[in-house]
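Working notes, beginning with the structure itself.
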């Protein structure tokens, strides 16, 4: 285990340390032989790096590097299987719970309709003014709530469209990877 701060010594060698950090590094170097050895290794490494010849690049790699950085990370194939299993579990759960959900919706529709038809409004002194308005509001609430009684093929189409939207939203359906043939 080292008893010195490598980053502090690196900044000291680079000359990027401020006055306070430089004083701290000098105190550390006076107290620790291990820190002095690390500093000597750093100085030797930088000397060797300075002696290397600069080689010109034959091709400009900046565009390829930027394209690689900006490209989305490919998702592993097992995540697609997990997503498909989640969808199948949700579809199975929906098919099992749908009859009870329809019964619950019908009970609530009936209760709401009964509430608004049997509720007696308090008599106000301006009763004649509000009588027409009150009737119009109650009639609006007595409209039937649309039900979701669809044929099997309509349900299948609805579920497939929802699944396609879900895949597109998770970038699993329309992405460059799948069109290029990469996995």
What do you reckon, is residue 99 loosely packed, with under 11 Cβ neighbours inside 10 Å, part of a helix (DSSP H, G or I) and at pLDDT below 85?
yes
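Every residue, every condition in (1) assigned to a helix (DSSP H, G or I); (2) at pLDDT below 80; (3) in contact with a helix residue (DSSP H, G or I) (Cβ under 9 Å, 6 or more places away or on another chain); (4) loosely packed, with under 10 Cβ neighbours inside 10 Å, yes or no:
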| site | (1), (2), (3), (4) |
| --- | --- |
| 85 | yes, no, no, no |
| 144 | no, yes, yes, yes |
| 147 | no, yes, yes, no |
| 150 | no, yes, yes, no |
| 160 | yes, no, no, no |
| 174 | no, yes, yes, no |
Show me the helices (runs of 4 or more DSSP H) entirely contained within segment 10-83 in which 1 or more residues are surrounded by 11 or more Cβ atoms within 10 Å (Cβ to Cβ) and modelled with pLDDT of 85 or more.
19-31, 33-51
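The values are calculated or read from the model by the stated rules, or taken from the named source; none is laboratory data. It should be emphasised that the depicted structure is a prediction, and the values quoted were computed from it without experimental measurement. Every residue, glycine among them, receives a Cβ derived from its backbone with ideal geometry; neighbour counts consider all protein chains shown.
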